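Data first, discussion second: the structure below is written as structure tokens.
The values are calculated or read from the model by the stated rules, or taken from the named source; none is laboratory data. A quick note: this is a predicted structure, and the numbers were derived from the prediction, not measured. Neighbour counts run over all protein chains shown; Cβ positions are idealised from the backbone, glycine included.
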Amino acid sequence: MMIIGCDFHPRFQQIAFIDQDTGEYGELRLSHKEEAERFYRTLAGRQVRVGAEATGNFRWFRQLMQELGHEFLLGDASAIRAACPRRQKTDKRDARHILNMLVEDRFPVVWQPPVENELLRQLLLHRCRMVRMRARVKNQLDSMAKDEGLLSARVWCPKRRQEIEALPLPGWYGLRRSDLLGVLDEMDKRIKPLDKAMHQAAEDNPEARLLMCGAGGFAGLCADHRRLETVSSRQADRQLSGPDPGRGVQLRQAPPGAHQQAGQHAAALVAGGGRQ
């Protein structure tokens, strides 16, 4: 087996490697991404373990490791740094240090989400960012209304929008309001298919369906049911928060808006591969 300690950077990576079969040792600085890809492709078909600190901008590298069948481990950066006996920090020394931890079997591996759920996780991330952008637009409109003495409930609703549209705002105030309302309409239009895709992904996952059928889940799905039969799987019991698996789980009416939160939680469960 070849073991590689990788100090990964966005533009390059410094590696230290050792071939346990032949005893060969070497150090290389590989530019991203052509040079690094050529090097790892020369190792195709061999048993390779690559360790790197948990960082960002490495999606292409992880996909390359998956394609070539190499074992790719991410390590806790703070734990790796704490295990380094010297304060001076260089790329070469970091790569050697990671290699030593891999060889000595004390590399602090951190959990990685399953590769097959990568697209779904991107859906959740994109929707989260879009919803936050929409919230900022709503906050600006609400602030403009309060500047004009128009106070209302904190929850955004169609009535609140009508009140803001009816405000007599002069000049650039009115233009700002109209632009923000246009942006809000566009954000709603773009978020709607994301919501649909998120709920569909939750419906397609058995664990997510169990979660949504419990207390706080989709109220419509459980309106005609007063009791859930015993679930054989212990994991499902824990997700449903049943105090006694032999007794099942009692259902209650969900509060307004709870079904949306449950759907988001369920989709997040799907994206994490069942990990909470």
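Numerical summary
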| quantity | calculated |
| --- | --- |
| Flag for Val155 being of a type outside the set (Asp, Glu), farther than 30 Å from Leu184 by Cβ and not assigned by TED's automatic domain parsing to the domain that holds Thr55 | no |
| Residue check, Leu123 touching a residue at least 60 places away in the same chain (Cβ under 8 Å), assigned by TED's automatic domain parsing to the domain that holds Val183, within 13 Å of the chain's Cα centre (by Cα) and in a helix (DSSP H, G or I) | yes |
| Filter result for Arg132 (in a helix (DSSP H, G or I), at pLDDT 85 or above and more than 17 Å from Ile191 (Cα to Cα)) | no |
| Every residue from segment 155-169 that is assigned to a helix (DSSP H, G or I) and either within 13 Å of Ser143 (Cβ to Cβ) or of a type in the set (D, E, K, R) (or both) | Lys159, Arg160, Arg161, Glu163, Ile164, Glu165 |
| Per-region count, segment 76-101, residues hydroxyl-bearing (Ser, Thr, Tyr) and at pLDDT below 85 | 0 |
| Qualifying positions in segment 1-19 - outside any loop (DSSP other than H, G, I, E, B) and hydrophobic (A, V, I, L, M, F, W, C) | Met2, Ile3, Ile4, Cys6, Phe8, Phe12, Ile15, Ala16, Phe17, Ile18 |
| Boolean, Ala16 is touching a residue at least 12 places away in the same chain (Cβ under 8 Å), out of contact with any strand residue (DSSP E or B) (no Cβ under 8 Å at 6 or more places or on another chain) and of a type in the set (Gly, Ala, Ser) | no |
| Only one of Glu186, Glu104, Glu148, Glu163 that is of a type in the set (Asp, Glu), closer than 30 Å to Phe8 by Cβ and either at pLDDT 90 or above or outside the structural domain of Arg59 (by TED's automatic domain parsing) (or both) | Glu104 |
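Each row is one residue, and each column tells you yes or no for (1) part of a strand (DSSP E or B); (2) in contact (Cβ under 8 Å) with a residue 40 or more places away in the chain.
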{"residue": "Gly23", "(1), (2)": "no, no"}
{"residue": "Leu30", "(1), (2)": "yes, no"}
{"residue": "Arg38", "(1), (2)": "no, no"}
{"residue": "Gly51", "(1), (2)": "yes, yes"}
